[in-house]
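Written out below as structure tokens is the structure these notes cover.
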Amino acid sequence: MDPFRTTARDLAEALVEGHWRLDDVVDRGGRSLGHRPRWLRPLARRLLEAFPDARPSADRVGDFLRLDAKFRAKWPFSLSFKARPAPKMAPMAGPPSTWPVPAIATPADLASRLGLGPGELDWFADRRGIERATVAGPLRHYDYRWKPKRNGSTRLIEAPKTRLKAIQRQILREVLSAIPPHDAAHGFRPGRSVRTFVEGHAGRAVVLKMDLLDFFPTIAAARVAALFRAAGYPDAVARALAGLCTNRAPFDIWRRPDAPESGPEAWRTRQLYRKAHLPQGAPTSPWLANLCAYRLDCRLAGLAASAGAHYTRYADDLAFSGDHSLARSIARFHVHACAIALEEGFAVHTRKTRVMRPGVRQILAGAVLNDRPNVPRDDFDALKATLHNCVRHGPEGQNRSGHPDFRAHLLGRIGHVATLNPGRAERLKAMFDRVAW
């Protein structure tokens, strides 16, 4: 291996293990070099200018060093590994410094906390992407199935197996739950629901609904690792945590009969899934998706405030509403919102964009909100008819969609009604209780 490349990489790993401030970077560089050469502080300044927002990964710093002509001109030199500072927690300034996440300084500490050996941590984190080339069987960490969408397309469900799911739940419980999402995020949050998502948009002059395309697979492992680094975790720990929460889908799932047909859209989807991404089906993915969309929420909330509008997000559904001033400029507003989403690494599903004025039925997340949040009348009538037939003829012949647990399916639909209209839900529940299960 190229000695200069190796030295640049080793120095990069030392430079990022701590607070991303000029004096701290210089101090860590001096410890690694065994002294402080005159070129070290200018190098630290160039690094902070190149990465001003957050502490970068060691890979990105290593790439910067290899391409920096002034640094290369100082070669050869050696590193003093005995003086290298030990990794420690170093959260970003501002809100991250207040996040009560547990201190984990090394991968060994992380493995111990999760009840894993070092080899097991590497296996489950799978940073080399072994899952992609592993044939179906017990060595895979995930089970895969294609689930049809209402619009005729499909989504890939990546369900972690028992051991990995337990690890992810522990990460969610002990680490991620200590990091708050943006207040505009209403999906996958305790105390939030479809009702809280839509109620601020009821009775407005205009409602703009937008949908993000491939929300979960769009969020790559690099963005997840950056979140953990912002929380203060050293680079090696952040990469291990990101590996435990992301996945690369195997090749053979695209050869299944229910996989998407070939074409430009299928090719785009395949490129997303072949890279490390948030798997839809992992317990950590919903909360991580909210956290990784924080900058998006900040910018869209700011855009909405500048237009006197209200903004909320439920998973990949974006909602804006406002008065007649927003209604007059809604086309321009939509263009600005799409541009922000693209700049933040997300794509808008433009065919699902809807501009809804009071003259039409305004629907968000299955709720009608022209006057107040409510269940669509046809959905309520259909559920009521199903329950009526279950009471009269028994539930066996009413499960026309083949739900594996029809009773739980009906209870879930009644629960959805209850979030929007408790009175109607009580009447439906009374009918449900009369069914002879």
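The values are calculated or read from the model by the stated rules, or taken from the named source; none is laboratory data. Please read these numbers as outputs of a predicted model, since none were measured by experiment. No Cβ is skipped: glycine too gets one built from the backbone with ideal geometry, and neighbour counts run over all protein chains shown. These accessible areas exclude ligands, DNA and RNA; they are computed on the full protein's heavy atoms, side chains included. Shrake-Rupley method; radii C 1.70, N 1.55, O 1.52, S 1.80 Å.
Just give me the residues in the range 199-250 being in contact with a helix residue (DSSP H, G or I) (Cβ under 6 Å, 6 or more places away or on another chain), closer than 16 Å to Glu13 by Cα and surrounded by fewer than 21 Cβ atoms within 10 Å (Cβ to Cβ), in sequence order.
Of everything in the range 199-250, just one residue is in contact with a helix residue (DSSP H, G or I) (Cβ under 6 Å, 6 or more places away or on another chain), closer than 16 Å to Glu13 by Cα and surrounded by fewer than 21 Cβ atoms within 10 Å (Cβ to Cβ), namely Ala236.
Does Arg313 count as touching a strand residue (DSSP E or B) at 6+ places or on another chain (Cβ under 8 Å), at pLDDT 95 or above and within 30 Å of Ala242 (Cα to Cα)?
Yes: the conditions hold for Arg313.
Would you tally the residues in the range 152-173 being small (Gly, Ala, Ser) and farther than 19 Å from Phe188 by Cα?
Total satisfying the criteria: 2.
Scanning for something among the basic types (Lys, Arg), open to solvent by 50 Å² or more (accessible area, probe 1.4 Å), over 33 Å from the mean Cα position of the chain (by Cα) and at pLDDT below 90, does the range 76-90 turn up at least one residue? Even if it seems obvious, please write down each step before you answer.
Kept after step one, since they are among the basic types (Lys, Arg), are these residues of the range 76-90: 82, 84, 88.
Subsequent filtering for residues that are open to solvent by 50 Å² or more (accessible area, probe 1.4 Å) retains 82, 84, 88.
Cutting the leftovers down to over 33 Å from the mean Cα position of the chain (by Cα) gives us 82, 84.
Next, only the ones that are at pLDDT below 90 stay: 82, 84.
For the range 76-90, residues among the basic types (Lys, Arg), open to solvent by 50 Å² or more (accessible area, probe 1.4 Å), over 33 Å from the mean Cα position of the chain (by Cα) and at pLDDT below 90: present.
Could you identify the single residue in Thr134, Thr154, Thr196 that is closer than 23 Å to Asn421 by Cα, surrounded by fewer than 22 Cβ atoms within 10 Å (Cβ to Cβ) and not basic (Lys, Arg)?
Working: Thr134 fails: closer than 23 Å to Asn421 by Cα; Thr154 fails: closer than 23 Å to Asn421 by Cα.
Just one listed residue meets the conditions, Thr196.
Based on this model, can you work out whether Gly62 counts as loosely packed, with under 15 Cβ neighbours inside 10 Å and out of contact with any strand residue (DSSP E or B) (no Cβ under 8 Å at 6 or more places or on another chain)? Spell out how you get there, then give the answer.
Values: loosely packed, with under 15 Cβ neighbours inside 10 Å: no; out of contact with any strand residue (DSSP E or B) (no Cβ under 8 Å at 6 or more places or on another chain): yes.
The answer is no for Gly62.
Going by what's in this entry, would Arg268 be described as part of a helix (DSSP H, G or I), within 30 Å of Ala90 (Cα to Cα) and open to solvent by 10 Å² or more (accessible area, probe 1.4 Å)? Steps first, answer last, please.
Working: part of a helix (DSSP H, G or I): yes; within 30 Å of Ala90 (Cα to Cα): no; open to solvent by 10 Å² or more (accessible area, probe 1.4 Å): yes.
It is false that Arg268 is part of a helix (DSSP H, G or I), within 30 Å of Ala90 (Cα to Cα) and open to solvent by 10 Å² or more (accessible area, probe 1.4 Å).
With respect to Gly402, determine if the residue is within 32 Å of the chain's Cα centre (by Cα), more than 11 Å from Leu428 (Cβ to Cβ) and part of a loop (DSSP other than H, G, I, E, B).
On the way: within 32 Å of the chain's Cα centre (by Cα): yes; more than 11 Å from Leu428 (Cβ to Cβ): yes; part of a loop (DSSP other than H, G, I, E, B): yes.
Yes.
Considering Gly117, Gly129, which residue is open to solvent by less than 70 Å² (accessible area, probe 1.4 Å), modelled with pLDDT under 95, on the phi < 0 side of the Ramachandran plot and not acidic (Asp, Glu)?
Numbers: Gly129 fails: on the phi < 0 side of the Ramachandran plot.
Answer to the check: Gly117.
Would you mind telling me which numbered condition in (1) open to solvent by 40 Å² or more (accessible area, probe 1.4 Å); (2) at pLDDT 95 or above Ala185 fails?
(1) is the only condition that Ala185 fails.
If we only count helices (runs of 4 or more DSSP H) wholly inside the range 291-362, which ones have 2 or more residues that are among the aliphatic types (A, V, I, L, M) and open to solvent by 20 Å² or more (accessible area, probe 1.4 Å)? Give the steps one after another, and end with the answer.
On the way: elements: 294-306, 324-328, 330-343.
The qualifying helices (runs of 4 or more DSSP H) are 294-306, 330-343.
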